[in-house]
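Participant: Got a structure for you, written out below as structure tokens; questions coming shortly.
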Amino acid sequence: MDMLIQGFSVAFSPDNLFYCLVGVFLGTLVGVLPGVGTLASISLLLPMTFYLDPTTALIMLAGVYYGSEYGGSTASILLNLPGSPSNAVTCLDGYPMAQQGRAGVALFMTSIASFVGGSIGILLMMGFSPLLVKIAFSFGPAEYFALMVLGLLAATAIAQGSPLKGIAMVVVGMLIGCVGMDISSGIPRFTFGNMALFEGVNMVILAMGLFGVSEIFASANQLTARLTAKDITLRSMLPTREDWRRSAPSIFRGSGIGSIIGALPGTGATIAAYLSYTVEKQVSKNRRQLGTGAIEGISAPEAANNAAVQTAFIPTLTMGIPGSASMALILGALMMHGIYAGPSTMTDHPDMFWGLIASFWIGNVLLLLLNIPLVGIWVRLLALPYRYIFPAVIIFICVGVYSLTYSFTDVVLVLGFGLLGYGLKLAGYEPAPLLIGFILGPLIEEYLRRAMLLARGDFLTILQRPISGSMLLVCALLLGWALYVTWRRYRPGAPEPLPTPAE
Amino acid sequence: MKPLFLASAALLLFPVALATAQDFPSQPIHIIVSAGPGGSPDIFSRTLAHYLTERIGQPVLVENRQGGAGNPASEYVATSKPDGHTLLAVSSSLAFNDALFPGLPFNRDSFVPIIAAIGSQQVLAVHPDQPFETIDDLVAAAKASPGTISVASPSWGTTGQLGVLLLQDEADIELNPVVYRNATAAFPDVVAGHADAIFVTLSAALPFIRDGALRPLAVTTPERAPSLPDTPTFREQGYPGLVWEDWQGWAAPAGTPQAVIDKLNAEINAVIADPGANAQLVEQGFVPLGGTVAEAVALVDASDALWRPIIVRHNIKPE
């Protein structure tokens, strides 16, 4: 407790408070702007931190990191354009809500869910860091492999319509994930000799193309605004009692899932958001409405990804092991100041460690204060005619993508994925399972091969290890259940299943 | 008439060449780094750039061009105007990159090394529960049951991965090399005991070693590393083939005037000698090196001579 009080005194120093505000404000901004990712903005700010005190630098960079998770959902809800990959899930229900005129409610609830998720993540981080480190350490390649298989199986459940189409999308996603240099042999796969493809397709590019650009193509014939200014009242923005009641359990489930997934290095906020959405799909009372604008569909993943970005600091700060590319950058910022994060960070730099944790909380409060009034402004954006919004968004996307790697190929790719997404939409395929296949496919391959290498090619070891074995058993049971249900539905004499509409 | 013409042409050109060196730098200098911000090439480049800016009166800017195993960044610099205003952050792999990636439009002759600014050592470390205390212990265990000791290396084509192969050749043993995506992905597996050992840059392993999460067996430097005085070298333990020093520095596109190269070399050496910059580099985990252009070229040659045969012998090629 003393430590935490000391931490708050560090975090409340005028300098740290100012840079915390700068960080979360910039984070919200880059989260909202499609194409300018967290990674790019932390990269841009990193050189600046050279001139700051390490704790202050870390507070600002961390603010950008978790701030962008708040902002990232805004464009997902308003324009079906995920600001970052972890917000792609929020499109699934957030965008339908906006189409139903409930964008304000969705944005409001997102801020609340993010705040609760973030706070729970911080609490767990303060109380259970050593335990979470222990869990993370018990995860070897075999366990990660089993976890990813479970996630992949869950991905097919995200699909609304035909499971066959869902599986097809997952497989296509995995294929796209194969692009690039193979990490253990250096063999370039599907690169067509183009050096820009050597490190694979960037996840941000795929997510923006499939969700956002395709949406713009699809609604290019609809150039008038969806809302008129008089539709926007304060009342229409506040969640109803019903919304609160339905969201509460989802937020807590999401926070719990997010906290644990976030602490595992090598997973991250995106997988946390997907898993919590899948769990909602199985356990929520309103699971049938998910995908059509159900409030659970935004509160669970938003709570999860914000909880995950907080607990992601546990492996980074306590072991020096970053869970994501953005975390690696933050670790790099510490190295610039000659601080090597490791098991002794807490004892060697207690001011920094506890000051940072205290700043997380202050940052989350600032974000809440910042985002609630912004809801009204964002919703008014929808009142703008689309002939102004669309060209601006396309330009933002192209400039943002180009700024990532200075690669023209990436700009072509994002537009290409937009076309692909449009085609899939016309044919009634959904982009969400494709994205999760893309994320998990390469990880499954990497961990399976590593587990096999470490076990000298003995597959049985994966089944014998308690954690991976039980996770694979759950997979087998789920698969068996799904097959059984499918067989019952399609067996001769069963009633014809209703065709699912393309939208 | 011809020799006279040439001589006069040379005379005419001479002041021009002189002018380039004197006026250099006439515009901001861009350092192209193929790693992302926060990677070790980025950190040392930014530190040098910061101090260099104060010395030479033009901003020195670090630009990150990530991706493509570093090749797009190299290609960009190789085709830049060779006037010293666009430089590339390079490492030992400059020497043998073309052996790993045949068919690229550039090789080591497309660049002129300016300086080897910092050195870095590799360390072979094991999980503390492993019984090995020396390289001989490890070699004996590997001889007893070939292919069972897993050695993690940070990523494909690095001297860490090649070092595992070199150790196998020198000690005539068979290990189980496991290549990771990057060093940060490799550490958790070794620290948690999923892999037995790791061959990696010393500065990255140092925090784990200090916390007792890894036990160092040997370093690759000719003499013991100052940051790890109790750990013997490979040479001390009877493996003289496993002696090398990795380095990182800056290079210019081939064709850059010698005077510009010399001026940059002198200025960067002055930065490295600056107590502030030197202390900062040491704090960041680097070993400040510096030295003449000829010494940098010699280091490139040494890396080439050591690693190219291993790449060829083990047929390490992406195709």
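Participant: Within segment A:33-51, does at least one residue satisfy the condition of being modelled with pLDDT of 85 or more and within 21 Å of the chain's Cα centre (by Cα)?
Facilitator: There is no residue in segment A:33-51 that is modelled with pLDDT of 85 or more and within 21 Å of the chain's Cα centre (by Cα).
Participant: Hey, can you tell me all the residues within segment B:138-156 that are touching a residue at least 24 places away in the same chain (Cβ under 8 Å) and either away from every other protein chain (no Cβ under 14 Å) or of a type in the set (A, V, I, L, M) (or both)?
Facilitator: Within segment B:138-156, B:138, B:139, B:142, B:143, B:149, B:151, B:152 meet the criteria.
Participant: Working carefully through the options B:102, B:113, find the one that is in contact (Cβ under 8 Å) with a residue 40 or more places away in the chain, surrounded by fewer than 19 Cβ atoms within 10 Å (Cβ to Cβ) and under 28 Å from residue B:200 (Cα atoms).
Facilitator: Residue meeting the stated conditions: B:102.
Participant: On to the next question. Please indicate, with yes or no, whether at least one residue in segment A:468-478 is in a helix (DSSP H, G or I), within 14 Å of chain B (Cβ to nearest Cβ), farther than 30 Å from residue A:208 by Cα and within 25 Å of the chain's Cα centre (by Cα). I'd like the intermediate steps shown before the answer.
Facilitator: First, the residues of segment A:468-478 that are in a helix (DSSP H, G or I): A:468-478.
Filter once more, keeping what is within 14 Å of chain B (Cβ to nearest Cβ): A:468.
Next, only the ones that are farther than 30 Å from residue A:208 by Cα stay: A:468.
Next, only the ones that are within 25 Å of the chain's Cα centre (by Cα) stay: A:468.
Scanning segment A:468-478 turns up at least one residue that is in a helix (DSSP H, G or I), within 14 Å of chain B (Cβ to nearest Cβ), farther than 30 Å from residue A:208 by Cα and within 25 Å of the chain's Cα centre (by Cα).
Participant: What is the one condition in (1) at pLDDT 90 or above; (2) out of contact with any His (no Cβ under 8 Å at 6 or more places or on another chain); (3) of a type in the set (Lys, Arg) that residue B:215 does not satisfy?
Facilitator: Single failed check for residue B:215: (2).
Participant: Tell me whether segment A:364-380 contains one or more residues that are at pLDDT 85 or above, under 24 Å from the mean Cα position of the chain (by Cα) and within 30 Å of residue A:152 (Cα to Cα).
Facilitator: Checked segment A:364-380: no residue is at pLDDT 85 or above, under 24 Å from the mean Cα position of the chain (by Cα) and within 30 Å of residue A:152 (Cα to Cα).
Participant: Test each condition in (1) within 28 Å of residue A:264 (Cβ to Cβ); (2) within 13 Å of chain A (Cβ to nearest Cβ) for residue B:160 and report the one that comes out false.
Facilitator: (2)
Participant: Tell me which residues, restricted to segment B:136-160, are surrounded by fewer than 23 Cβ atoms within 10 Å (Cβ to Cβ), in a helix (DSSP H, G or I) and of a type outside the set (A, V, I, L, M).
Facilitator: B:136, B:137, B:143
Participant: Identify the single condition in (1) outside any helix (DSSP H, G or I); (2) crowded, with 24+ Cβ neighbours inside 10 Å that residue A:118 does not satisfy, given that it satisfies every other one.
Facilitator: (1)
Participant: Further question: Looking at segment B:178-203, which of the residues that are facing chain A (nearest Cβ under 8 Å) and part of a strand (DSSP E or B) is farthest from residue A:335 (Cα to Cα)?
Facilitator: Applying the filter and picking the extreme gives B:178.
Participant: Which numbered condition in (1) surrounded by 18 or more Cβ atoms within 10 Å (Cβ to Cβ); (2) closer than 30 Å to residue B:84 by Cα; (3) of a type outside the set (Asp, Glu) is the only one that residue B:198 fails?
Facilitator: If we test residue B:198 against (1) surrounded by 18 or more Cβ atoms within 10 Å (Cβ to Cβ); (2) closer than 30 Å to residue B:84 by Cα; (3) of a type outside the set (Asp, Glu), just (2) comes out false.
Participant: Kindly list the number of the only condition in (1) more than 14 Å from every other protein chain (Cβ to nearest Cβ); (2) closer than 23 Å to residue A:339 by Cα; (3) surrounded by 23 or more Cβ atoms within 10 Å (Cβ to Cβ); (4) at pLDDT 85 or above that fails for residue A:24.
Facilitator: The number of the failed condition is (2).
Participant: Follow-up. Could you list all residues from segment A:86-99 that are in contact with a Gly (Cβ under 6 Å, 6 or more places away or on another chain) and either among the β-branched types (Val, Ile, Thr) or modelled with pLDDT of 85 or more (or both)?
Facilitator: A:92, A:93, A:96, A:97
Participant: Further question: Are any residues in segment A:398-455 in a helix (DSSP H, G or I) and of a type in the set (Ser, Thr, Tyr), and if so, which ones?
Facilitator: A:402, A:403, A:405, A:409, A:422, A:447
Participant: Go through segment A:278-302 residue by residue and tally those that are under 20 Å from residue A:78 (Cβ atoms) and within 14 Å of the chain's Cα centre (by Cα).
Facilitator: Of the residues in that region, 6 qualify.
To keep it simple, each residue is scored yes or no on (1) assigned by TED's automatic domain parsing to the domain that holds residue B:113; (2) part of a loop (DSSP other than H, G, I, E, B); (3) touching a strand residue (DSSP E or B) at 6+ places or on another chain (Cβ under 7 Å); (4) over 25 Å from residue B:73 (Cβ atoms).
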position	(1), (2), (3), (4)
B:239	no, yes, no, yes
B:252	yes, no, yes, no
B:271	yes, no, no, no
B:285	yes, yes, no, no
B:297	yes, no, yes, no
B:309	yes, no, no, yes
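Participant: Report yes if residue A:138 is more than 23 Å from residue A:84 (Cα to Cα), out of contact with any strand residue (DSSP E or B) (no Cβ under 9 Å at 6 or more places or on another chain), facing another protein chain (nearest Cβ under 10 Å) and surrounded by fewer than 18 Cβ atoms within 10 Å (Cβ to Cβ), otherwise no.
Facilitator: Against the criterion (more than 23 Å from residue A:84 (Cα to Cα), out of contact with any strand residue (DSSP E or B) (no Cβ under 9 Å at 6 or more places or on another chain), facing another protein chain (nearest Cβ under 10 Å) and surrounded by fewer than 18 Cβ atoms within 10 Å (Cβ to Cβ)), residue A:138 qualifies.
Participant: Here's a follow-up. Tell me which helices (runs of 4 or more DSSP H) are completely within segment A:285-357 and hold 3 or more residues being more than 14 Å from chain B (Cβ to nearest Cβ) and at pLDDT 85 or above, or say none if there are none.
Facilitator: Filter on segment A:285-357 gives A:296-311.
For every residue, the table says whether it meets (1) at pLDDT below 80; (2) touching a strand residue (DSSP E or B) at 6+ places or on another chain (Cβ under 7 Å); (3) within 30 Å of residue A:463 (Cβ to Cβ); (4) away from chain B (no Cβ under 14 Å).
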| site | (1), (2), (3), (4) |
| --- | --- |
| A:404 | yes, no, no, no |
| A:407 | yes, no, no, no |
| A:414 | no, no, no, yes |
| A:424 | no, no, no, yes |
| A:428 | no, no, no, yes |
| A:438 | no, no, yes, yes |
| A:445 | no, no, yes, no |
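Participant: Looking at segment B:204-223 only, could you name the residues that are part of a loop (DSSP other than H, G, I, E, B) and either among the basic types (Lys, Arg) or within 14 Å of chain A (Cβ to nearest Cβ) (or both)?
Facilitator: Of everything in segment B:204-223, those that are part of a loop (DSSP other than H, G, I, E, B) and either among the basic types (Lys, Arg) or within 14 Å of chain A (Cβ to nearest Cβ) (or both) turn out to be B:211, B:212, B:213, B:214.
Participant: So, residue B:231, is that one away from chain A (no Cβ under 12 Å), polar (S, T, N, Q) and assigned to a loop (DSSP other than H, G, I, E, B) or not?
Facilitator: Here the answer is yes, as residue B:231 does meet what is asked.
Participant: Give me a count of the residues in segment B:276-309 that are touching a Phe, Trp or Tyr at 6+ places or on another chain (Cβ under 8 Å) and without any contact (Cβ under 8 Å) to a residue 12 or more places away in the chain.
Facilitator: The number of residues fulfilling the criteria is 0.
Participant: State yes or no: is residue A:312 without any contact (Cβ under 8 Å) to a residue 60 or more places away in the chain, under 27 Å from residue A:77 (Cα atoms) and crowded, with 23+ Cβ neighbours inside 10 Å? If you could, list the steps in order and put the result at the bottom.
Facilitator: Details: without any contact (Cβ under 8 Å) to a residue 60 or more places away in the chain: yes; under 27 Å from residue A:77 (Cα atoms): yes; crowded, with 23+ Cβ neighbours inside 10 Å: yes.
The answer is yes for residue A:312.
Participant: Give A:47, A:85, A:14 a once-over and let me know the one that is within 14 Å of chain B (Cβ to nearest Cβ) and not basic (Lys, Arg).
Facilitator: A:47
Participant: Going residue by residue through segment A:228-238, is there one that turns out to be among the acidic types (Asp, Glu), in a helix (DSSP H, G or I), at pLDDT 85 or above and surrounded by fewer than 19 Cβ atoms within 10 Å (Cβ to Cβ)? Talk me through it step by step, then tell me what you get.
Facilitator: Taking segment A:228-238 and keeping what is among the acidic types (Asp, Glu), we get A:231.
Checking which are in a helix (DSSP H, G or I) leaves us with A:231.
Now restrict to residues that are at pLDDT 85 or above: none.
Taking every residue of segment A:228-238 in turn, none turns out to be among the acidic types (Asp, Glu), in a helix (DSSP H, G or I), at pLDDT 85 or above and surrounded by fewer than 19 Cβ atoms within 10 Å (Cβ to Cβ).
Participant: Still on this model: For the subset of segment B:261-283 comprising residues that are within 14 Å of chain A (Cβ to nearest Cβ) and surrounded by fewer than 20 Cβ atoms within 10 Å (Cβ to Cβ), which member is modelled with the lowest pLDDT?
Facilitator: Looking at the filtered set, the residue picked out is B:283.
The values are calculated or read from the model by the stated rules, or taken from the named source; none is laboratory data. For clarity, every value in this text was computed on a predicted model and none was experimentally measured. Every residue, glycine as well, gets a Cβ built from its backbone with ideal geometry; the counts of neighbours run over all protein chains shown.
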